[in-house]
Every structure is written in structure tokens, then in C-alpha cells.
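Worksheet for the structure shown next.
No lab work stands behind these numbers, since they all come straight from the coordinates. What you see is a predicted model, and the numbers here were worked out from it, not measured in a lab.
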Amino acid sequence: MRRKRNMIILLAVLIVLVGAYAFFSSRSGETPDTADREPDIEISSIEVDKIQKIILRNNDLDEDLVFEKEERQAETEEGEEPKTETVWVNKTPYPVKLVQSRVEDLVRTFSNLKAKLLVEEDPEDLSIYGLDKPLAEGVATLDDGTEVTLYLGNRTADGASWYLMKKGDPNVYAVTNTHGERLTSVLSDFRDKSLPSVDIQQLTYFRVAGEGRPEIEIVLSNDLESELAQYGINVFYMVKPYKRPRGVDTTKFLDERLNNMPAFQIEEFVDDHPEDYSKYGLDVPKLELTIKDYAGSVLDLVFGNTTEDGKIYFKTKDSDAVYAMSESKLSFLDFKPLEICDKFALLVNIQDIDAVTFEGRGKKHTLSIEREIIESDDEEEEDEVIETFFFDGKEVEEKAFKSFYQNLIGIVVDTEKQHTASGVPDLKLTFHTNKAGMPDSTVEFYPYDSNFYSLVNDGDMESEFLVSRNRLNWVFGALEDFVKQTKGGE
């Protein structure tokens, strides 16, 4: 019974407390906690627009850091009226591109500075606060010439705030870390660390080259100088390091590689006016990277030595300054050219050929296509093309013809190998094209050893690739099946 009575009393007390809380809240609009809290102490209150200049001095600066407002031409869209804008620029130590919001944050320290605590009124000993020799000093000049000067001392014992004084005010205040960090800033804290941003989904050009790696250059098919572009159906072609352009596998290149590219930015400003690039390894760069997109954005960087803390020196092609970033950001470039391009010995669209000559192992055959164009009476409709397929002059079924053709263009290389081919080819394929100005192309397979053939394109005996012998065995097996289907057995 006593336990039940105690529970009822506790419940009644709780109801009274909740009621009291609601009563005071409705009268004051504040909770008891906020009602008891001391209001912030105003140290400096200035209209932002009136501040025209700010000077920073602190132990991490070799000279005063000076920011001033400046009127300049704003960027406008084509056809728009010219506009001007007010921006902050630094006058010392030398002009650099600033993040405007960072300077505006500093301005707010002068325009709206409040203290959480009045530490001591007119203290006799400023040294206990580090204000006898301030760690930092900030001076804001207003449009009427008036100056507001702030002195920053040590951090408080709990590390949550800083001691601060304002010139003309004898008191010591405690202000939040935000204000202390702003007044102890250096130039790099205000600098723009961004680099050009390239849209990988709108890629038009890619190049990477460097020490100990082959140069890889990739272009859009429309930008290929070689007429070989007319053979294929790829969006991108790799024009280096191989002799012939090779189609790029967009899944392996874009999705698996470039989509893992980090957002590049400057992590450290190393040297804005270097006298000797060799100490950064940038006199002869270790790596070069260029990426472009449809919008005209260009990321063009060269890289040098790696530091002990895992960063790598780099610079942009259009600037003398040396920067640093984490070397790990370049890991997405750790791939070989053959990993992202097609491996076909010779890939030719069937629409681009009139015939293919097959020669090898004592056999010689010709596959050919005759096309008849029937013009449409309707200008909006395409002309009809009727194709007839032949094997050694005998008409054959389209399905069987195209199936065997897929075997011919489906031969792929197995590995890279710079060498000179020799001997007699085991197989030679000649593709006779139907496009004006397009030469016929040949692909040959010369014995290399017991496991591989040397691949030779258009008679160039300086081969770059090896092809497994099994791949040709499959092709000759497909030939036998094709001959049986056409009832043209030998």
C-alpha cells in the first residue's frame, strides 16, 4: 500500500513540474535554461558594406596580409548587359585567386563580434592572457577612414575559446574558436584550391604519359585523323601507344576507371614563384595528365617527385606555381592500355566491305557481298538495300555467311610483344572495302613459337601482339563447318 501511495505522490510532483515549465515558457517564450543564460556581449558591430580593408598580422605570416575591396567586370552570358561586381582581393604578398566566402567570414569577425564571457575588466597583467604580445592582430578600415583593431591572445584552458581585446576597450573577453582561427589565418587559408572540373560523361579527350609507362592517348572517333576510323563502330579510339587506332571499351575505360577519378584540388601551396623546378621533379615531369570535355573544360596537369608524407608535387600547364596533392589520388591511372581497348586483330564492319579473301594452310576462299539499291518513292524513307551473299562465287544463306564472318573478325590478341615477325603466314585475311578513299586492309598470322602467332597488319612486320594458336584452330574449324553448310566441301 505504501509503495502505491509513493508512486501517486511522484506522479503528482511530475505533473506540477510540467505545468510550471509550460507556464513559464508561455510567458517568456524561453525555457528555464535559456532564461537563465547570460546574453552575448557585443564587442564590435559594423555594417558589412562599410568595411573596405582588412589587415591581418600573426606569428605565421612573414608580412602583413592585406585584403581590399575592388570593383571589376562580372562574367555575363552572351547578349547580357555588362555588369560590375565588388570582390575582395589581396594586395600582399602577391595577388592570388581567393575564395570570396572565406574573406567574407573574416569580415564577419569585425562586423558581428560577440563574446560569451567578460573575463576581466581592465586587467593589470595582460601576459596571463597572452595579450601583452598578441598572437594575432586584425585591423578593419571603414569607408570613413575609421579603424577597428582586434588583438588575439592565448586559447582558454578548456581550448573552447580565445582571449581577445578590442583597441579602445580595456576589457578582456573570451570569444569562440571561429574568431580565433580567422585571425590566425594565413594566405593559403583564403586561396582557391579548386582545379578545372571535367565531366567524364561528356569526355572528348584523354592522355596520360610518364616515366616507366606507355603513353595512352584517347580521342573521339570523329576526331580521328586516320581514315581507319571509318572501319569501326566505337565512340572512342586509342591512338597511342599502338600503331593503329584501337576501339576503346567504354565500360572498362569510363565506368571502371575514370568514374573512380577523385575531384582533384590543391591540397598544399608549395611555391608560387619557383626558381628551380628540378627540386620538385617538375623539370622533367614524372607524369602528365590531360582530360577534356564537350563544355571546353580542360584538366592539364604535370606531376613530379613524391614527398615523404605521401604527397606529390604538381603544376598546371598554364601556371608557374607548384602545388601538392595526395599521390593516392592518381591510383585510378594504374592500368595498361590493353586493359581498356578492344583486342581484335582487325575489326571491320561488314557494311564496309565487298569481299574478304581467306588464305592459309593450303586453302584459299573468297566471301563476297552484292548489294542492290532500290530507291524509295517517299523522300522521307530510306532506300532499300538488298544484299546477296556468296562463298567462292556460290550464293549462300545470309545467316551462315555472317556467322563465319563473325569468326574472322572475332580473332583477338592475347598479349603485347614488340618483335619482328618472320617466316610464312599461317593465315592471311584481306578485307576489300567499298568506301571511296579507303584502302584494303590485311591481317596476317606468322608462327612465333609453339603457342603463339605474330600479328601483322598491312604488311608491317614489326609486330606488337601475339595471338594464341588455338584461336586460329577455331577459325579453321569454323571454316570446315561453313563449307559443310554450303555443301561446297572439297
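Can you give the angle from 0 to 90° between the axis of helix 469-485 and the longest principal axis of the chain, with both taken from C-alpha atoms, to the nearest 10?
That helix lies at roughly 50 degrees to the long axis.
Provide the per-residue ³J(HN,Hα) series for segment 179-193, in order, calculated from phi with Karplus coefficients 6.51, -1.76, 1.60 and θ = phi - 60°, each as a whole number of Hz, with x at glycine and proline positions.
5, x, 5, 5, 6, 9, 5, 10, 4, 4, 5, 9, 7, 6, 9
Going Cα to Cα from residue 69, which lysines come in below 27 Å? Please leave out same-chain ones fewer than 8 positions away.
The reachable lysines, counting only those whose Cα sits under 27 Å from residue 69, are 50, 53, 83, 91, 97, 114, 166, 167, 193.
With θ set to phi - 60°, apply the Karplus curve 6.51 cos²θ - 1.76 cosθ + 1.60 along segment 259-273 and write out the HN-Hα couplings as whole Hz, x wherever there is a Gly or Pro.
The phi angles translate into 5, 8, 5, x, 6, 5, 8, 6, 9, 8, 8, 8, 7, 7, 9 Hz.
What does the convex hull of the alpha-carbon atoms of segment 389-482 project to on average, in nm²? Working shown, then result.
Details: hull surface 28.0 nm².
Orientation-averaged projected area of the Cα hull: 7.0 nm².
Compactness ratio of segment 118-214: Cα Rg over 2.2 N^0.38 Å, N = residue count?
Values: Rg = 22.8 Å, N = 97, 2.2 N^0.38 = 12.5 Å.
This ratio for segment 118-214 stands at 1.82.
Could you pull out every one of the lysines with an alpha carbon less than 17 Å from that of residue 417, ignoring same-chain neighbours closer than 8 positions?
240, 243, 336, 343
What is the ratio of the Cα radius of gyration of segment 42-157 to 2.2 N^0.38 Å, with N the residue count, to two decimals? Before the final figure, lay out each step's value.
On the way: Rg = 17.5 Å, N = 116, 2.2 N^0.38 = 13.4 Å.
Scaled against compact globular proteins, the figure is 1.30.
Tilt of helix 2-28 relative to the longest C-alpha principal axis of the chain, in degrees (0 to 90, nearest 10)?
90
Can you show me the helix-derived [θ] at 222 nm for the chain, built from DSSP H runs with n ≥ 4 at -39,500 (n - 2.57) apiece and divided by the number of residues, rounded to the nearest 500. Spell out each step's value before the answer.
Numbers: 6 runs with 80 residues, N = 490.
Rounded to the nearest 500, it is -5000 deg cm²/dmol.
Find the percent of Cα-Cα distances in segment 287-400 that exceed 24 Å, and round it to a whole number.
Working: 3974 of 6441 pairs.
That fraction is 62 percent.
Using only the alpha-carbon atoms, how far is helix 100-111 inclined from the longest principal axis of the chain? Give it as 0 to 90 degrees, nearest 10.
Around 10 degrees separate the two axes.
Restricting everything to alpha-carbon atoms, can you work out Rg to Rh for segment 89-172 with a Kirkwood hydrodynamic radius? Walk me through the numbers before you get to the answer.
On the way: Rg = 14.7 Å, Rh = 14.5 Å.
Rg/Rh for segment 89-172 comes to 1.01.
Can you tell me the relative contact order of segment 41-189? Whole percent, Cα pairs under 8 Å, sequence separation 6 or more. Please report the intermediate quantities before stating the final value.
Details: 295 pairs, mean separation 39.4, N = 149.
Relative CO of segment 41-189 lands at 26 percent.
Contact order normalised by length for the chain, with contacts defined as Cα pairs under 8 Å and 6 or more residues apart; what percent is it?
Values: 887 pairs, mean separation 40.6, N = 490.
Contact order relative to length: 8 percent.
Give me the mean projected area, in nm² to one decimal, of the convex hull enclosing the Cα positions of the chain.
Result: a mean projected hull area of 48.7 nm².
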